[in-house]
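None of the figures in this text is laboratory data; all of them are computed from the coordinates on show. Just so we're clear, the structure is a prediction, and the values are computed from it rather than from any experiment. We place every Cβ from the backbone using ideal geometry, glycine too, and count neighbours over all the protein chains shown.
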Amino acid sequence: MEDGRDVRSSVVASQVEEHRLYGGVVPEIASRRHAEAICGVVREALEQAACTLEDIDAVAVTSSPGLIGALLVGVNFAKGLSLSAGLPLVAVNHLWAHIAANYLTEPALEPPFLCLVVSGGHTHLAHVQDYTRMEVLGRTRDDAAGEAFDKAARAMGLPYPGGVFLDELAERGDETAFRLPHPSVEGAPYDFSFSGLKTAVINLLHNAAQKGTELPREDLAASYRKAVVDCLVRNTVRAAQETGAKRLVIAGGVSANRLLRRRLEEEAAAHGWAFFRPALAYCGDNAAMVAAQGFYEAQAGHFAGLTLNASPSF
Ligand code: KG4
Ligand code: ZN
């Protein structure tokens, strides 16, 4: 990564195929695969960028939040690299990295902006004040949006990662076929709650199975996707209106969702907000976005020492 915006190389080692066998991420397997892959991935990234460690100014690494075993592999590798190559170390928060994926896609984008971060583990609505400061306006009280998609998709018999397949299926369904709840959190209009909605779909599936019938999966996927997206859009639009935001940004794995992208684009156009979303290649987890955020952390003078530890929470 050069200057926080220019991706010199991006190498992604995916473990999705292996976790699919178990219907979700198995933390123990995730850590082991990270340990196996990390040396080769770093070497390949340097090769593809046609440079050596001599050309590198700093090493950035995700230190939180996430699966602790996988984070520890990255953090320890980065510390070793930093020590052996004499390079400064920069710790990056995973949510911040997802937000930075937008800088790779839209060179003109600069904070402040309102951002909806939606991933497998997080659903945050935040006012991003500058490159390293945010005010969290709302968050999920239970499941994250990606988790809600994945769990419902699993109950529908779709492969992991369910959100991706549910989104595809939903494109061919009737979103008005099933009436589903649109939970909100009383007294906290920017917070989200998806567990009741997820349970409603799982109950529909169980009841149908008990009667020996099958529900039209496309229609159920479309109705469910609409309900989740309705909740995300409802709170985001309200926050944008109440905070007077001029720019609206989405980030995280779920920002690849076709309906969410369409709906927020329409809302932004109707209200006169500029709308930004990451290129599909940078919606899911990748190192380019970590390096981009790392650049801005370094610019702000935020360096980590060799005592850096991984943390599972935000
Ligand atoms: O950001 P990410 O790659 O990993 C985490 O940090 O969690 O997000 C992964 C999540 C998964 O829950 C996955 O199902 C969801 O993003 N996802 C989608 C779509 N693509 C990925 N959810 C809905 N629609 C999609 N198109
Ligand atoms: Zn992520």
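If you go through segment 142-197 and keep only what is acidic (Asp, Glu), over 11 Å from ARG225 (Cα atoms), part of a loop (DSSP other than H, G, I, E, B) and within 15 Å of ligand 1 (Cβ to nearest atom), you end up with ASP142, ASP143. Listed by first and then second residue, the pairs with beta-carbon distance under 7 Å, at least 6 apart or on different chains, first residue in segment 104-122 and more than 15 Å from ligand 2 (Cβ to nearest atom), second part of a strand (DSSP E or B) and of a type in the set (Phe, Trp, Tyr), are GLU106/PHE276; LEU109/PHE276.
Being within 15 Å of ligand 2 (Cβ to nearest atom), under 15 Å from TRP96 (Cβ atoms), hydrophobic (A, V, I, L, M, F, W, C) and within 18 Å of the chain's Cα centre (by Cα) narrows it down to one residue among ALA256, ALA281, ALA291; which is it? Talk me through it step by step, then tell me what you get.
Working: ALA256 fails: under 15 Å from TRP96 (Cβ atoms); ALA281 fails: under 15 Å from TRP96 (Cβ atoms).
After applying the criteria, what remains is ALA291.
Against the list (1) assigned to a strand (DSSP E or B); (2) under 28 Å from ALA155 (Cβ atoms), the condition PHE275 fails is (2).
For segment 256-278, the criterion of being among the acidic types (Asp, Glu), within 16 Å of ligand 1 (Cβ to nearest atom), free of Cβ contacts under 8 Å to residues at least 40 places away in the same chain and surrounded by fewer than 19 Cβ atoms within 10 Å (Cβ to Cβ) is met by at least one residue.
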